[in-house]
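Below is one structure, written out as structure tokens; the observations come after it.
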Amino acid sequence: MNRISILTILFISVFATAEGQKSSRDYLRLGNMYYRQGQYDKAEVNYMKSIEANKNAEAYFNLGNVQALTGRDSIAYENYKLSLNSVDQKNNLKRAKIYHNMGNLQYASKNYQEAVELYKSSLRCNPEDNETRYNLALALHQLKNNPNNNNQNKDKNQDKNQDKDQNKDKNKDQNKDQNQNKDQNQDQNKDNKDQQQQNQQNNKNKNEISDEAADQLLNSAQQDEKNVQRKVKQQQSGQPRRLVKDW
């Protein structure tokens, strides 16, 4: 075997060994390089290899960013949650960005109540983030103007339906004694009316608080905003400023 053949074999052997010994961090760096170049398919492959080598918060987060930018919101959301579970709980800046991106996905899906809660969680981790505060204000206004998209309303409707079914079952059992039924039904109707009035009052109070909070947040965003024209265009479109934050 000649010298050239030996060197070729050694080169191939060394290259194959190095390729096989790539660490989770190596794959993460490659993924980041492709991400910056906009080659999201290659970035995704390397982030997944990084996670396979060692489940880590940064790879989950960056993988979620790739999937969010390519329109796969539900998968991205799950990877953000995995990132949140893996990240150092004392690293509030990273946790704030995860919550922010999760809030943007919920906002895009018109789950405004969920978006509000996630933006609040982000601000608890990083109160100085004006971008998240601005998005929170938008979500609060959307929640006020689109009550049918409120997840809480959906839950309340489900609870009401369950209460109706339970009342039907109770009425069937109570038919044994009509006089007693009549008295009980009257008491129940009275309680239901009182409960409905209480619920209406509570909902009114909640809406008032949300409106006041939204106005305060918008005023704060207006004071902090440097580019007024850009802000106006963003308010008119009703969209958060950026889809994702990067680490």
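Laboratory data are not the source of any read-out in this text; all were calculated from the coordinates shown. A quick note: this is a predicted structure, and the numbers were derived from the prediction, not measured. Using ideal geometry, Cβ is built from the backbone for each residue, glycine included, and neighbour counts are taken over all protein chains shown.
Model label sites at Asn92 and Met33, defined 7 Å from Cα along the beta-carbon direction, differ in position by 3.7 nm.
Going from the alpha-carbon gyration tensor of segment 34-116, what semi-axes, largest first and in whole Å, does one get by taking the root of 5 times each eigenvalue? If you can, show how the numbers build up before the last one.
Values: eigenvalues 84, 55, 19 Å².
In descending order the semi-axes read 20, 17, 10 Å.
Taking the simple approach of a point 7 Å from Cα along Cα-to-Cβ for both Ala53 and Asn148, what is their distance in nm? Result: 5.1 nm between the two label points. Remark: spin-label model distance Asn130-Thr70 equals 3.5 nm, labels positioned 7 Å along the Cα→Cβ axis.
Near Asn79, within a Cβ-to-Cβ distance under 12 Å, what is the net charge of the other residues, with Lys and Arg +1 and Asp and Glu -1? The partial results should precede the final answer.
On the way: positive: Lys55, Arg72, Lys81; negative: Glu44, Glu58, Asp73, Glu78.
That sum, taken over residues with Cβ under 12 Å, equals -1.
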